[in-house]
Structure formats: C-alpha cells, structure tokens
Amino acid sequence: MKARFLADANFNQKIVAGLLLREGAIDFALPQAMIPERMKDPDVLDLAHLSGRILVSHDVTTMPHWFDQCVDERSCAGLILVPERVSIRDVIEDLLLIWHLTEAEEWVNRMEWLSL
C-alpha cells in the first residue's frame with residue numbers, strides 16, 4: 001500500500017501544498033482535519049497509527065523521545081522528522097522520493113530525519 005502522510009500541527013503547510021502540486025495523488029492529511037488542538041505528542045502518534053499515516057513533523061526536540069516510547073510499548077505507523085533549516089524544495093523532493101520508492105508497511109516503527 002502507498003504511504004499516506006499526516007502533517008503534525010507544527011508542520012509547514014507550504015510544504016504540503018508544494019508536494020501536492022508536484023504529485024496530486026499523494027494522500028497527505030492536514031492537522032486541522034485530524035488533530036484536535038493541543039493534542040499531546042503520544043496521542044498524535046497513536047492517531048497517526050490508527051489512521052495508517054506516517055506522521056511528518058518539525059518537532060525534532062520531543063517527538064523522537066515519544067516515538068521511541070511508542071515503539072517500545074506498541075506499534076507506530078512511522079515518523080519523518082524535518083528540521084526547519086531544511087529548504088522547502090528539499091523537503092518536497094525527499095517526500096516525493098519516499099512516496100514513490102517506499103510502501104506504508106516499510107514505515108511501521110521507523111523514524112527518519114530529512115534531508116535524505
């Protein structure tokens with residue numbers, strides 16, 4: 001199955017818009033549609049897993065800890081961490097590669113940092 005994504009509440013939505021311009025078939029849910037305001041990181045990871053979506057986040061400080069804890073206790077759909085210093089263009093290219101070259105099943109319990 002193709003990878004599906006969920007943007008964390010802090011994720012730059014210009015990246016999502018640019019990615020969808022490049023490849024309209026990508027399923028990339030925005031946080032406003034799925035993540036209630038002030039939802040805690042562990043709950044966001046659970047929501048991503050339950051919806052079968054890889055979480056994409058700029059939260060490189062606390063999210064890795066919560067992801068590791070999630071993997072220790074149960075299964076997680078996957079996490080892509082995007083440092084804010086990485087250019088929008090590079091993030092779009094990397095996410096496009098991920099979508100084209102990997103399947104959702106490959107992301108279970110997997111955390112990756114961009115830029116590839």
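The values are calculated or read from the model by the stated rules, or taken from the named source; none is laboratory data. These figures come from a predicted structure and were not determined experimentally. Reconstructed Cβ throughout: ideal geometry from the backbone, glycine too, with neighbour counts over all protein chains shown. With ligands, DNA and RNA removed, areas are computed over all heavy atoms of the protein, side chains included. Shrake-Rupley method; radii C 1.70, N 1.55, O 1.52, S 1.80 Å.
Would you check if MET34 is under 20 Å from GLN69 (Cα atoms) and open to solvent by less than 70 Å² (accessible area, probe 1.4 Å)? Here the answer is no, as MET34 does not meet what is asked. Residues in the stretch 67-115 that are more than 26 Å from PRO42 (Cβ to Cβ) and of a type in the set (Asp, Glu) were compared, and the one that is least open to solvent (accessible area, probe 1.4 Å) is ASP90. Annotation note: Cβ proximity below 7 Å between a residue of the stretch 58-79 that is farther than 13 Å from ALA48 by Cα and a residue that is surrounded by fewer than 14 Cβ atoms within 10 Å (Cβ to Cβ) (sequence gap 6+ or interchain) occurs for HIS58/ASN10; HIS58/GLU84; ASP59/ASN10; VAL60/PRO83.
Can you confirm whether HIS49 is out of contact with any Phe, Trp or Tyr (no Cβ under 9 Å at 6 or more places or on another chain), in contact (Cβ under 8 Å) with a residue 12 or more places away in the chain and surrounded by 13 or more Cβ atoms within 10 Å (Cβ to Cβ)? First the steps, then the outcome.
Values: out of contact with any Phe, Trp or Tyr (no Cβ under 9 Å at 6 or more places or on another chain): yes; in contact (Cβ under 8 Å) with a residue 12 or more places away in the chain: yes; surrounded by 13 or more Cβ atoms within 10 Å (Cβ to Cβ): yes.
For HIS49, the condition - out of contact with any Phe, Trp or Tyr (no Cβ under 9 Å at 6 or more places or on another chain), in contact (Cβ under 8 Å) with a residue 12 or more places away in the chain and surrounded by 13 or more Cβ atoms within 10 Å (Cβ to Cβ) - is met.
The stretch 1-84 holds helices (runs of 4 or more DSSP H) entirely within its bounds, and those carrying 1 or more residues that are more than 14 Å from the chain's Cα centre (by Cα) and basic (Lys, Arg) map to 13-22.
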